[in-house]
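Here's the structure we're looking at; comments come further down.
The values are calculated or read from the model by the stated rules, or taken from the named source; none is laboratory data. Bear in mind the structure is a predicted one, so any value in this text is a computation, not a measurement. Counting neighbours? That spans all protein chains shown, and the Cβs are built from the backbone with ideal geometry, glycine included. With ligands, DNA and RNA removed, areas are computed over all heavy atoms of the protein, side chains included. Shrake-Rupley method; radii C 1.70, N 1.55, O 1.52, S 1.80 Å.
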Amino acid sequence: MTFSAAWFAGWRALALLLEALAPWGVPLDVPRGAGDAAMAQCLAGWLGLTLLAMLATRALERTRGRAPWAWLVALTVAAAGVTAVYLPRGAMPLGFGVRWVGPLLWSTFGASALAFAPRAWRRPAAVAVAVLAAATALAALPRLRDVRSMWRTVVAQRPDHAEAATQLAALLRPSNPVAADAVLDRCVRAAPANPACWNARAAARLAAGRFAEASEDAARALHLDARDGDAALLRARAMVRQRPVPAGVVDVARLALELRPEDPAAALSLAEALAATGDVAAAREALRGAGTGVDASLLGTTLALEAGDVPAARAAAQAASVGAPGDARAAYNVGVVAQREGRFNDARQAYLRALAADPRSYLARYNLAVLTKDAGALDEARHHAERLLHDWPGDVAALRLLREIQAPRRTP
């Protein structure tokens, strides 16, 4: 944990105690601020948490550890601190910790009422605390029901919270993509000067295949913060997937690698950008820093084949297949290398594995038809060509291939 992250954890711990006290009226998460706002968060959080820790320690010392209320105070503060540090930030709302910090906090109030209220008032005070705790739990139940409800609460009260918007959009997208897009649009409207909101929408559009729009959003984030590595990487990834590939993609990819020099994804984006511009040698050199992931191995296979380095292509294809045995792209690349080397059975089996993983894989189906045609298995080749036309009606290449397969049968 970095120094700034540790300070922010203190603010999260203090906010969690407030959320445990009144989860029906707070956002259930806190975004990390920037500039003066971030400094105020850090100072308030650590000063507040330090004061509470001192009070808990003092309570244990005064009672010599014999008073239940003192132990409950210490446990509550410790639970808030540990939750703030270890609850996955961005992936889980801070309000998720209310489920265990809340009962501890209200139990502390109840024990304190029994310990400090006048004797005649102890029972009424304990009953009042219990009633308030029950009312708080009932009022907060709709919000704390599940993670989606928590993120919905955060976004409703803090529409500029980019992390919350990203998580809620991801949860909504499978069943309601329109609502998911609306959440991210609202984040951008609520905080047009926040690069995180633009990056969140850019990432969603990139995943949806809306590459031009994703590039525009990432460019807006870069305009707001020229040193935003996330924005530079998102823009490079979006640009390299556009057709035709826009000019300047290599410069954007180099900027992403400059801002994130240790990130394999940035090196992979630079390699993709160089490959898209036809610089195979430079792309292979850039790929050295992209790690051994599946995407890097797949690109390495393609680049090695273009460079005529078949052994390197075979090694990269096998690495991708081992890393992702069920990936249609990995199986397809194994088939391409085997076909290049003249290994008919290996190529055929690899293409069939690719089609089992993705029955609509155009390249795997087309290559398999060509492979079987060249090997003289014309019935199988015709089956695959016809299936290709069934999946891709009117495809010119598939029609031409089918005519070539049928031509020998028409020859006297």
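Give me the percent of the accessible area of the chain that comes from carbon and sulfur atoms, probe 1.4 Å, all protein chains in place.
Working: 12690 of 21000 Å².
Carbon-and-sulfur percentage of accessible area, whole number: 60.
Please give the helix 3-21 orientation as an angle from the longest Cα principal axis of the chain, in degrees from 0 to 90, rounded to the nearest 10.
Between the helix axis and the principal axis of the chain, the angle is about 60 degrees.
Between Rg and the Kirkwood Rh of the range 3-110, both from Cα atoms, what is the Rg to Rh ratio? Present the calculation step by step, with values, prior to reporting the outcome.
Numbers: Rg = 13.9 Å, Rh = 14.1 Å.
Here the Rg-to-Rh quotient is 0.99.
Please identify every one of the trypsin sites (Lys or Arg not before Pro) in the range 127-160 that sits in a loop by DSSP and has no more than 15 other beta carbons within 10 Å of its own beta carbon.
On the way: sites: Arg143, Arg145, Arg148, Arg152; in loops: Arg145.
Sites meeting the loop and neighbour criteria: Arg145.
Between Arg62 and Val127, what FRET efficiency comes out of the Förster formula 1/(1 + (r/R0)^6) with R0 = 25 Å and r the beta carbon distance, rounded to 0.05? Walk me through the numbers before you get to the answer.
Working: r = 26 Å, r/R0 = 1.06.
Step by step, r from the Cβ atoms, then E = 0.40.
Give me the orientation-averaged projected area of the Cα convex hull of the range 326-387, in nm², one decimal. Please report the intermediate quantities before stating the final value.
Numbers: hull surface 13.8 nm².
Hull-based average projected area comes out at 3.4 nm².
Work out the FRET efficiency for Ala226 and Asp395 from their Cβ-Cβ distance, taking R0 = 56 Å, and round it to the nearest 0.05. Can you show the working numbers first?
Numbers: r = 44 Å, r/R0 = 0.79.
Calculated value: 0.80.
Hey, with R₀ at 35 Å, roughly what FRET efficiency would Arg288 and Gln242 work out to, going by the Cβ-Cβ distance, to 0.05?
Numbers: r = 25 Å, r/R0 = 0.73.
Computed FRET efficiency for Arg288 and Gln242: 0.85.
Rolling a 1.4 angstrom probe over the protein heavy atoms, how many square angstrom per residue are accessible across the range 333-412? Display every interim value, and only then the final one.
Values: 4390 Å² over 80 residues.
Per-residue value: 55 Å².
Three principal axis extents, largest first, for the C-alpha atoms of the range 352-393, in Å?
Result for the range 352-393: principal-axis Cα extents of 25, 23, 13 Å.
State the percent of C-alpha pairs, over all pairs in the chain, separated by a distance greater than 35 angstrom.
Values: 41700 of 84666 pairs.
Above the 35 Å cut-off, the chain has 49 percent of its Cα pairs.
So what J values fall out for the range 307-318 if you push phi through Karplus, 6.51 cos²θ - 1.76 cosθ + 1.60 with θ = phi - 60°, rounded to Hz, Gly and Pro as x?
My calculation for the range 307-318 gives 7, x, 9, 5, x, 5, 5, 4, 5, 5, 5, 5 Hz in order.
Kindly express, to the nearest 10 degrees and within the range 0 to 90, the angle between helix 396-410's C-alpha long axis and the longest C-alpha principal axis of the chain.
That helix lies at roughly 40 degrees to the long axis.
Through the Karplus equation 6.51 cos²θ - 1.76 cosθ + 1.60, θ set to phi - 60°, convert the phi angles of the range 144-158 into ³J(HN,Hα) values in whole Hz; use x for Gly and Pro.
8, 4, 8, 5, 4, 5, 5, 5, 4, 5, 4, 5, 5, 9, 9
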